[in-house]
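The numbers here are math on the coordinates, done by the rules we state, and not lab data. Note that the structure is a prediction, hence the values are computed from the model and not measured. Backbone-built Cβ (ideal geometry, glycine too); neighbour counts: all protein chains shown.
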Amino acid sequence: MKASDVRTKTVDELIDEVAKLKKEQFNLRFQKATGQLENTARVRIVRRDIARLQTILREKRGQTA
């Protein structure tokens, strides 16, 4: 996920995307705990995507205030 792609989305779309990624993060943590996780790098990617989305969301909320 590129920051330039994320910046074109609305605040509501960003909130939905963060929620989706948090669910995925939970599922990945659960798979890791049970030993079923195959792609361990995905945990890191999802964590960074969440941080990227939250940063851009914070920027957009600051612009509207």
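Can you tell me which residue is surrounded by the fewest Cβ atoms within 10 Å (Cβ to Cβ) among those in the range 44-65 that are of a type in the set (A, V, I, L, M) and assigned to a helix (DSSP H, G or I)?
At the first step, the residues of the range 44-65 found to be of a type in the set (A, V, I, L, M) are 45-46, 50-51, 53, 56-57, 65.
Keeping just the survivors that are assigned to a helix (DSSP H, G or I) gives 45-46, 50-51, 53, 56-57.
Values: ILE45: 14, VAL46: 21, ILE50: 18, ALA51: 12, LEU53: 22, ILE56: 16, LEU57: 18.
Filtering first and then ranking leaves ALA51.
Out of the range 29-65, which residues are of a type in the set (A, V, I, L, M) and over 23 Å from LYS9 (Cβ atoms)? If you could, list the steps in order and put the result at the bottom.
Within the range 29-65, the subset of a type in the set (A, V, I, L, M) is 33, 37, 41, 43, 45-46, 50-51, 53, 56-57, 65.
Those that are of a type in the set (A, V, I, L, M) and over 23 Å from LYS9 (Cβ atoms): ALA33, LEU37, ALA41, VAL43.
Just for the range 22-43: of the residues that are part of a helix (DSSP H, G or I) and in contact with a Lys or Arg (Cβ under 9 Å, 6 or more places away or on another chain), which one is surrounded by the most Cβ atoms within 10 Å (Cβ to Cβ)?
The first filter runs over the range 22-43 and keeps only residues part of a helix (DSSP H, G or I), leaving 22-34, 41-43.
Applying the additional criterion that residues be in contact with a Lys or Arg (Cβ under 9 Å, 6 or more places away or on another chain) yields 24-25, 28, 43.
Details: GLU24: 16, GLN25: 16, LEU28: 20, VAL43: 16.
Taking the candidates together, the pick is LEU28.
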